[in-house]
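Undergrad: Before we start, here is the structure in question, set down as structure tokens.
Just so it is clear, none of the values below were taken in a lab; they were calculated from the coordinates. Just so you know, these numbers come straight off a predicted model, no measurement behind them. For neighbour counting, all protein chains shown are included, and Cβ atoms are generated from backbone atoms with ideal geometry for every residue, glycine included.
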Amino acid sequence: MKVFVTGGSGLVGSTTIDMLIARGDTVLAIDNYATGRRDNLDKNSKLTVHEGSIADKALVDQLIGDFKPDAVIHTAASYKDPNDWYNDTLTNCVGGANVVKAAKDSGCKRLIYFQTALCYGVKPLEQPITLNHPINPVNSSYAISKTAAENYVQFSGLDWVTFRLANVVGPRGVSGPLAIFYQRLSQGKKCFVTPARRDFVFSQDLARNVVRAVDGTGHGTYHFSSGKDVAIREVYDAMVTAMKLNDHPEPELRPLGPDDAPSILLDPSRTFQDFGDIKFTPLSEIVSRSVEYYATHGVEGGYTHLKIDK
């Protein structure tokens with residue numbers, strides 16, 4: 001197959017590309033490297049990576065129009081600065097619309113999109129959150145802009161799959177608690193935790209099912225979630241164990257911020273129904289593999305879409 005991937009050097013994009021290349025697909029990827037790492041993708045005759053922005057309509061039209069992919073995987077997103085409304089709207093809204101329209105005009109058969117669970121708001125009306133829950137993204141620029149792009153996907157008339165995501169983590173991640181905890185603990189700095197609980201899923205577990213979606217499994221909206229959540233403190237403790245730290249500062253416990261949710265747990269029933277028995281990697285293994293990667297390749301970023309005092 002021919003597959004076009006946006007955000008190809010990011011966590012989900014690069015992990016999925018590795019799997020596509022391994023089975024013999026031809027991939028064209030685009031990334032502006034705002035958060036993606038250049039070393040996430042190895043050179044391969046089946047892979048072409050173009051440096052550029054999906055907000056550049058002429059570029060997106062040319063790349064997708066000339067390549068004529070069988071499927072488009074749209075992982076690119078702006079999220080690293082919660083106050084950067086401009087780049088959030090430019091990449092997530094304008095860029096998202098550009099990708100969807102170009103895919104439609106090219107005759108693409110399939111489009112895979114990724115949405116934040118924050119589309120349901122920070123005070124969900126039910127736990128776990130079902131697919132029938134009202135959409136309420138007015139909690140962050142990231143959630144608003146990602147939801148706008150999802151609306152274009154739904155409006156497009158394409159055959160599409162949207163994965164609304166639990167917290168996706170893995171060795172190549174540059175955002176969230178794994179990167180932040182490792183970065184600070186390796187420097188002997190104190191971390192903080194909140195009472196929040198989250199579902200953490202491994203990037204490779206997601207990527208395997210993205211490939212299945214490319215091949216035709218599923219139609220419409222799905223929650224990619226294990227259906228179980230853990231406390232952020234458990235993630236911290238797993239990081240300390242994986243780093244083999246005998247001496248480390250006790251994390252500060254902070255209350256939840258006004259734009260943070262006590263728990264965001266998604267109901268994966270429809271996903272399990274259509275995708276079957278999905279194997280989820282245990283948190284301890286995810287953290288151990290991430291620590292091995294960070295120790296060799298270093299850690300960059302430590303981004304979070306939340307407004308916090310660091």
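Undergrad: Quick one, what does Rg over Rh come out to for segment 204-268 if you take C-alpha atoms and the Kirkwood Rh?
TA: Rg/Rh: 1.12.
Undergrad: Another question, if that's okay. So for V94, V100, fewest C-beta neighbours within 10 Å to most, what's the order?
TA: V94, V100
Undergrad: Once you have all Cα-Cα distances for the chain, histogram them in 20 Å bins from zero and send the whole-percent values.
TA: Bin by bin from 0 Å, the calculated values are 34, 60, 6.
Undergrad: Also, I was wondering about something else. Where Lys and Arg each count +1 and Asp and Glu each count -1, what net charge lies around T116 among other residues with Cβ under 10 Å from its Cβ?
TA: That works out to +1.
Undergrad: Of the cross-linked pairs K57/K104; K2/K101; K146/K228; K43/K80, which ones have a Cα-Cα span greater than 21 Å in the structure shown?
TA: From K57/K104; K2/K101; K146/K228; K43/K80, over 21 Å: K146/K228; K43/K80.
Undergrad: Quick one: dipole size for the chain, taken about the Cα centre, charges +1 on Lys/Arg Cβ and -1 on Asp/Glu Cβ, in debye to the nearest 20.
TA: Using only the charged Cβ atoms, the result is roughly 140 debye.
Undergrad: Moving on. Could you work out how much longer the chain between V230 and F155 gets when fully extended? Use 0.36 nm per residue separation minus the Cα distance between them, nm to one decimal.
TA: Stretched fully, the V230-F155 segment lengthens by 23.5 nm.
Undergrad: With labels modelled as points extended 7 Å from the Cα through the Cβ direction, what inter-label distance (nm, one decimal) is found for K123 paired with D39?
TA: 4.5 nm
Undergrad: Relative to the compact-globule scaling 2.2 N^0.38 Å, provide the ratio for the alpha-carbon radius of gyration of segment 13-69.
TA: In units of the 2.2 N^0.38 Å rule of thumb, it is 1.13.
Undergrad: Enter the Cα centre distance for the pair segment 24-85 and segment 109-164, rounded to the nearest angstrom.
TA: One Cα centre to the other: 21 Å.
Undergrad: Rounded to the nearest 0.05, what FRET efficiency do L253 and T130 have when you use their Cβ-Cβ distance and R0 = 35 Å?
TA: The pair L253/T130 has a calculated efficiency of 0.65.
Undergrad: For the pair K189 and K279, what calculated FRET efficiency results from E = 1/(1 + (r/R0)^6), where r is the Cβ-Cβ distance and R0 = 41 Å, to the nearest 0.05?
TA: 0.70
Undergrad: Let me ask another. Take each of the peptides 57-69, 225-237, average the number of other beta-carbon atoms within 10 Å over its residues, and list them starting from the highest.
TA: Result, highest mean Cβ count within 10 Å first: 225-237, 57-69.
Undergrad: Okay, moving on. Note down the relative contact order for segment 167-281 as a percent, whole number, built from C-alpha pairs under 8 angstrom at least six residues apart.
TA: This gives 40 percent for segment 167-281.
Undergrad: Ranking request for peptides 140-151, 34-45: highest mean number of other beta-carbon atoms within 10 Å first, then the rest in descending order.
TA: 140-151, 34-45
Undergrad: Please name which of A207, Y182, A166 has its Cα lying farthest along the dipole of segment 166-220 towards the positive end, using unit charges on Cβ (Lys, Arg +1; Asp, Glu -1) and the Cα centre as origin.
TA: Y182
Undergrad: May I ask you to compute the full-extension gain from W85 to D66, defined as 0.36 nm times their residue separation minus their alpha-carbon distance, rounded to one decimal in nm?
TA: Result: 3.7 nm gained on full extension.
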